[in-house]
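One structure is given here, and the rest of the page talks about it.
The values are calculated or read from the model by the stated rules, or taken from the named source; none is laboratory data. Please read these numbers as outputs of a predicted model, since none were measured by experiment. For neighbour counting, all protein chains shown are included, and Cβ atoms are generated from backbone atoms with ideal geometry for every residue, glycine included. For the accessible areas, the whole protein counts, side chains as well, though only heavy atoms, and no ligand, DNA or RNA atoms are used. Shrake-Rupley method; radii C 1.70, N 1.55, O 1.52, S 1.80 Å.
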Amino acid sequence: MRKLIALLLAMVLLCSSAGFAEALDTAATEAATADTTGEDTAAEETVLTPADIALMGRPVSEEPTHITVGNTTKVSGGFFTSMWSNNTSDIDVRTMIHGYSPVVWDSQVEFVLDHMVVESVEGAADGANTVYTITLQQDLVYSDGETPITAADYVFSYLLCASNELMQMGAESTQFAHIVGYEEYNSGESDVFSGVRLLDEYTYSITVKGSHEPFFYNYAYLRTNPYPISVLAPDCAVADDGDGAYLTSLDPEAEEVPFTVEILTETIFNEETGYMYRPSLTSGPYTLTAYDAESGQVDFAINPYYKGNYEGVVPVIDTITLVPVLPETMIEQLASGEVDLLNKCVDSDVILGGMALAADGITSRNYARLGYGFCAFACEAGPTQFEAVRQAIAYSFDQDSFIAEYLGSFGIAVYSYYGIGQWMTLAAMGALLPGNAEGEEALAWGEINLDGLNHYDPDPETALNLLIEDGWTLNEDGEPFDPEVDTVRYKEVDGELMSLTIRFAKVTGNEGADLVVEQLSETLPALGFEFIVEEMSFTDMLADYYRENGERQYNMNFMATNFANAFDPYYTFITDPDVQASTNTSGISDEELMNLAWEMHVTQPGQYLTYEENWLAFITRFNEILPAMPIYSNIYFDFFTDWLQNYEPATYYSWPVAILYAYYAEPEEVVEETPAVDAGEAMDEATGDGEIIILD
């Protein structure tokens, strides 16, 4: 049974944080009442899901159909993997063009097998380890319709993405650290990946370390996309002599395997033909037909050889264009027809502007974010390595005024590493009861809440005391700091004076960053901070955030992120120095935080309450040490022409997934003109059809 969590698409949108919490309580009460009264709405009427509609036959257009999608995040060109960067629009592109993972995200709490891809998956104990054997369907092909996808393609993906060669090229990943033999293969100590086996043409296996099990999202271990060896390592082949998979040369006379940094740099990063920017042979529902790096425009066409997603759905919109848009002009572009779909709108003015177009054939969908907006710190060096400094900055920032100005009624303050759309957050707010808990377990759920989190309400006195207690009591000459004379505080660190300097990387044209800087430019200097702001492009900011030059040049910036489906923050906060400040982008080294994340990881699948308790302990620790400064989570709005039908991003969590179920056709009913409404009425209109579902 599909365990889909309805994200309170109506009630989440009330006009204040208090209203939001009240709505959650109301929704929970209504859900409980419906459950106890035995109401069965399904018996009254049959509701077709987007998949039902897609599979029953969508209208076939006589003319090729096309839509243009606008997103405020410009792609950076990372269309191969997330190992060099993870721009949200790049993720969307990868979702469009890469497919056929053995498992798929079916709800907010589990992965399921994709039987369009796999015939079977079997798990068996091998001592303390677990061997997963995957048998593929035999009719998979790449987008050329000729190149078959076999077990060797999946094994090659492991060998490529875990290789030492990619690490030398600046790739950052621990995504396969759970597999036996990863360390030896990744370090270059061994050419054989012992935990990955090529068993026959359509069968392969991976061996998961016993130390990495159990895992709450256990099927996530099987995630991988097939990548074409003929494109990425054209003179290589996959082999297995019984001890694990490895790469060999197609030329039996070759003295060395042609799998080198030089070859991979050419096949991946060549600006004209590289698989990073222009992947030519792919496995997803669409193919990439054009990419303009300067404008950020990406064009797609249907992959006619794509057999369907896990529900058997194939796309019917012939071509799609993705373009970057600006908040100042995006509504005008939508109204004029230049853009057909605006994805992930967050600015309150944009949202209200989109709502005002309802009489002009513009439709909207809203859904709670699985991520949050925050200020990132570089916790490995400089003043932000000190907890007291990070806390003092938090006490110097007014979340509520920021949210009111930036998001209006469509955001809520968060105080740790969570988003309002996550099932754990909804459960803590009383809007979700996983597992139909009863008796003592139900009582235990009732005790869980977020009341223990420090809100860091603006408090300059507390901020100043934190700095003084942490030793920021000197001036540039090493003398006691005099607020009447001196402007910047210093502290002795390792025998040298360190200035209380925050270098802030601000993305040009980003309203949220502008608002953060506006506040901190006033509050931080009053405490003795030096606050230096430098404007740059989003791409340059991300390059610094990911330490592409080896270290952060700026110790603070404003950004937002969405959490992975399988919420497993262990590697995000791991203290291993080899991944410090890369996989661990905050640079924090806190054993307690890492261990609490690990306790979440090793929760048994299906043990919702245990996972929730471990999650609460984790976010409480995060709230205390602040590896980043949480600010908000919010409601996304997608606005689109009513010609785009059966588009439900709330059900399928992102536009590239939801677009598979959609079609483009003239709406059957003409939208009647309605009088203009004020903001409150507009929000009421947008909140009319929400529900909550209890996980079972």
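Grab the Cα-Cα distance for LEU357 and ASN595, subtract it from 0.36 nm times how many residues apart they are, and report the gain in nm with one decimal.
Fully extending the segment from LEU357 to ASN595 adds 80.7 nm.
Once you list every other residue whose beta carbon is under 10 Å from the beta carbon of GLU592, what net charge do they have if Lys and Arg are +1 and Asp and Glu are -1?
-2
For the chain, what is the charge dipole size about the Cα centre, in debye to the nearest 20, if Lys and Arg each add +1 at the Cβ and Asp and Glu each add -1 at the Cβ?
The dipole magnitude comes to about 720 debye.
Please state the charge dipole magnitude for the stretch 401-536, taken about the Cα centre, from unit charges on C-beta atoms (+1 on K and R, -1 on D and E), reported in debye and rounded to the nearest 20.
Its charge dipole is roughly 600 debye.
Could you pull the accessible area for ARG223 with a 1.4 Å probe, rounded to 10 Å²?
Its accessible surface works out to 100 Å², give or take rounding.
Separation between the GLU262 and HIS455 pseudo-spin-labels, each 7 Å from Cα along Cα→Cβ, expressed in nm?
6.3
Mind ranking 606-618, 421-433 by how tightly packed they are, going by the mean number of other C-beta atoms within 10 angstrom, highest first?
421-433, 606-618
Could you do me a favour and compute the accessible area per residue for the chain, 1.4 Å probe, result in Å²?
42
Please identify every one of the GluC sites (Glu not before Pro) in the stretch 389-446 that sits in a loop by DSSP and has no more than 16 other beta carbons within 10 Å of its own beta carbon.
Those satisfying the criteria are GLU438.
Which of the GluC sites (Glu not before Pro) found in the stretch 77-170 are loop residues per DSSP with 12 or fewer other Cβ atoms within 10 Å of their Cβ?
GLU146
Would you check the accessible area of TYR277, probe 1.4 Å, heavy atoms only, in square angstrom rounded to 10?
60
Using a 1.4 Å probe on the protein heavy atoms, what percent of the accessible area of the chain belongs to carbon and sulfur?
The nonpolar share, carbon plus sulfur, comes to 47 percent.
How large is the convex hull of the Cα atoms of the stretch 302-433 per residue, expressed in Å³ as a whole number?
Enclosed volume per residue, from the Cα hull, is 220 Å³.
Could you calculate the contour length gain from GLU666 to MET169, that is, 0.36 nm times the residue separation minus the distance between their Cα atoms, to one decimal place in nm?
Here the answer is 174.0 nm.
Expressed as a whole percent, how much of the Cα-Cα distance distribution for the chain exceeds 36 Å?
Here the tail beyond 36 Å accounts for 44 percent of pairs.
When all alpha-carbon pairs of the stretch 334-401 are counted, what percent fall beyond 17 Å?
Of all Cα-Cα pairs in the stretch 334-401, 61 percent lie more than 17 Å apart.
Could you tell me the accessible area of GLU201 in Å² (1.4 Å probe, neighbours in place), rounded to the nearest ten?
110
With labels modelled as points extended 7 Å from the Cα through the Cβ direction, what inter-label distance (nm, one decimal) is found for ALA381 paired with VAL314?
The modelled label-to-label distance comes out at 5.3 nm.
Placing +1 at every Lys and Arg Cβ and -1 at every Asp and Glu Cβ, with all other atoms neutral, what dipole size does the stretch 363-463 have around its Cα centre, in debye to the nearest 20?
Approximately 520 debye in magnitude.
Does a label point 7 Å from the Cα of GLU534, set along Cα-to-beta-carbon, have any residues of the stretch 377-407 with amide nitrogen under 19 Å, and which are they?
It comes to 377-385, nothing else.
Extending each Cα 7 Å along its Cβ direction at GLU511 and ALA444, get the distance between those two points in nm, one decimal.
Going from the GLU511 label point to the ALA444 one covers 4.5 nm.
Using only the alpha carbons of the stretch 621-673, what is the convex hull's orientation-averaged projected area in square nanometres?
Approximately 6.3 nm², given one-decimal rounding.
R0 = 22 Å: FRET efficiency of GLU213 with THR610, Cβ-based, nearest 0.05?
About 0.90, to the nearest 0.05.
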